[in-house]
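Participant: One structure, pasted below without further comment.
The values are calculated or read from the model by the stated rules, or taken from the named source; none is laboratory data. Values in this document were obtained by computation on a predicted structure and should not be read as measured data. We place every Cβ from the backbone using ideal geometry, glycine too, and count neighbours over all the protein chains shown. For accessibility, only protein heavy atoms count, side chains too; no ligands or nucleic acids. Shrake-Rupley method; radii C 1.70, N 1.55, O 1.52, S 1.80 Å.
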Amino acid sequence: MRNDTARPVPGPQTSTSQRLPLGALMAMATASFITVLTEALPGGLLPAMSSDLRVGESAMGQAVTIYAIGSAVAAIPLSAATSGWRRKRLLLTTMAGFAIANTITAVSDQFVLTMVGRFIAGVCGGLVWAMMAGYARRMVPSALHGKAIAVAMAGTPLALALGVPAGTLLGQALGWRVAFLTMTVIALVVLAWLGVTVPDFPGEHRQRRSRVAHTLRVPGVTPVLFVVLTVVLAHTVLYTYIATFLDEFGMVDSTAAVLFVFGTASVAAISLVGSHIHRRLRRLTIAGTLLFAAGTTLLATLADSPVVVYVAAALWGVGFGGMATLLQTALGDAAGAAADTAQAMLVTLWNAALALGGVAGGLLLDGLGARSFPWFVLVLLAPALAAVVTGTHGFPARRREATT
């Protein structure tokens, strides 16, 4: 077996420079943009996709669920199976997979085939997210880990702020299939960009790979994963069915605008998180959870006012926008040497929450109606906040890296 890890790896990993490799990190941010846009776009196009594929909206909402299932089932086993691969080779393979999956979704006229395309996209997404934070951390010295992850994850709020609203408008103007074909083109462009700019790193030696059971016993890992599950489940229920929720108040035509406000607020959040995560991770996580809850409370009680809906969307976006960066950084800090396995577990739980969110939202819609969504979200955010406040190993008052 070739011992790639025995060789020194040139580039930012071994440099003492305190500068971020912005070109490579921006390419990775664009890859995360594609991942999140592929995942979330059906939420903005749900009525049109439902009508064209001749299924109900609650059934079409499972397009998000099947994506999440693909990611959840792929993250741990496929990450383990490909952990010996060169990192760049794996990243390029997953981007090619997104191009294929979005093409299938765009050309399919059968609900089952559409779901197959969504499942393939989910598998690729699971692999991307399992390696994204670790890849970004390897590019920089330890003092810049949080900032590097923040830049690499910047595609997430940009996808929500610009990609989903733009895709929704494009789908409304030219058809939802055009929106998915456009994502295929973007994925191919990103594939070329990654090939040129992102440095390569070796995979992980078999004997150094951590087991799931061992990783779960590391102090701080379990509280962070619990917060991932509850917060992402809460977000998914609301985001997947946002068009249906707005329709209750005569605002379905404003879906793209509401999503734009949410996403723009998310961009502001991740900028703030990137600037302060190194020393204020715990405070930022608590603040984000409280802001998410505040926005949801407004939706639960005053959503008959369009102005209040937009304010609520902004609070929701500021609260949730930085969560991916905060939780991935917290988990990497807590897990230490087991960080790669922990990140794969995060991806599994994140996407399990997405899958559960699609199912739970459909059940709530059919059983209690769309107005029940924000109340369900508030029930989930309460234990999440408690876990952050009490989980001092996962969310310490001072990050260990900040003292080095």
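Participant: Quick check on region 77-87. Is at least one of its residues in contact with a Cys (Cβ under 7 Å, 6 or more places away or on another chain), under 27 Å from residue 23 (Cβ atoms) and assigned to a helix (DSSP H, G or I)?
Facilitator: Looking for residues that are in contact with a Cys (Cβ under 7 Å, 6 or more places away or on another chain), under 27 Å from residue 23 (Cβ atoms) and assigned to a helix (DSSP H, G or I), one finds none in region 77-87, hence no.
Participant: Would you mind telling me which numbered condition in (1) of a type in the set (Gly, Ala, Ser); (2) farther than 30 Å from residue 301 by Cα; (3) open to solvent by 50 Å² or more (accessible area, probe 1.4 Å) residue 335 fails?
Facilitator: Against the list (1) of a type in the set (Gly, Ala, Ser); (2) farther than 30 Å from residue 301 by Cα; (3) open to solvent by 50 Å² or more (accessible area, probe 1.4 Å), residue 335 comes up short only on (3).
Participant: Give me the pairs, please: first residue somewhere in region 239-258 and farther than 19 Å from residue 64 by Cα and of a type in the set (Asp, Glu), second residue anywhere and in a helix (DSSP H, G or I) and open to solvent by 10 Å² or more (accessible area, probe 1.4 Å), beta-carbon distance under 8 Å, and either six or more positions apart or on two chains.
Facilitator: 248/371
Participant: If you go through region 224-238 one residue at a time, do you hit one that is open to solvent by less than 10 Å² (accessible area, probe 1.4 Å) and over 19 Å from the mean Cα position of the chain (by Cα)?
Facilitator: Looking for residues that are open to solvent by less than 10 Å² (accessible area, probe 1.4 Å) and over 19 Å from the mean Cα position of the chain (by Cα), one finds none in region 224-238, hence no.
Participant: Take the conditions of a type outside the set (Ser, Thr, Tyr), assigned to a loop (DSSP other than H, G, I, E, B) and modelled with pLDDT of 85 or more and apply them to residue 366. Does it pass?
Facilitator: Values: of a type outside the set (Ser, Thr, Tyr): yes; assigned to a loop (DSSP other than H, G, I, E, B): no; modelled with pLDDT of 85 or more: yes.
Considered against the rule, which asks whether it is of a type outside the set (Ser, Thr, Tyr), assigned to a loop (DSSP other than H, G, I, E, B) and modelled with pLDDT of 85 or more, residue 366 comes out as no.
Participant: In region 172-189, how many are buried (at least 24 other Cβ atoms within 10 Å of the Cβ) and either farther than 23 Å from residue 115 by Cβ or not aliphatic (A, V, I, L, M) (or both)?
Facilitator: Summing the residues that are buried (at least 24 other Cβ atoms within 10 Å of the Cβ) and either farther than 23 Å from residue 115 by Cβ or not aliphatic (A, V, I, L, M) (or both) in region 172-189 gives 2.
Participant: Based on this model, can you work out whether residue 252 counts as touching a Ser or Thr at 6+ places or on another chain (Cβ under 9 Å), open to solvent by 40 Å² or more (accessible area, probe 1.4 Å) and more than 27 Å from residue 76 (Cα to Cα)?
Facilitator: On the way: touching a Ser or Thr at 6+ places or on another chain (Cβ under 9 Å): yes; open to solvent by 40 Å² or more (accessible area, probe 1.4 Å): yes; more than 27 Å from residue 76 (Cα to Cα): yes.
Yes: the conditions hold for residue 252.
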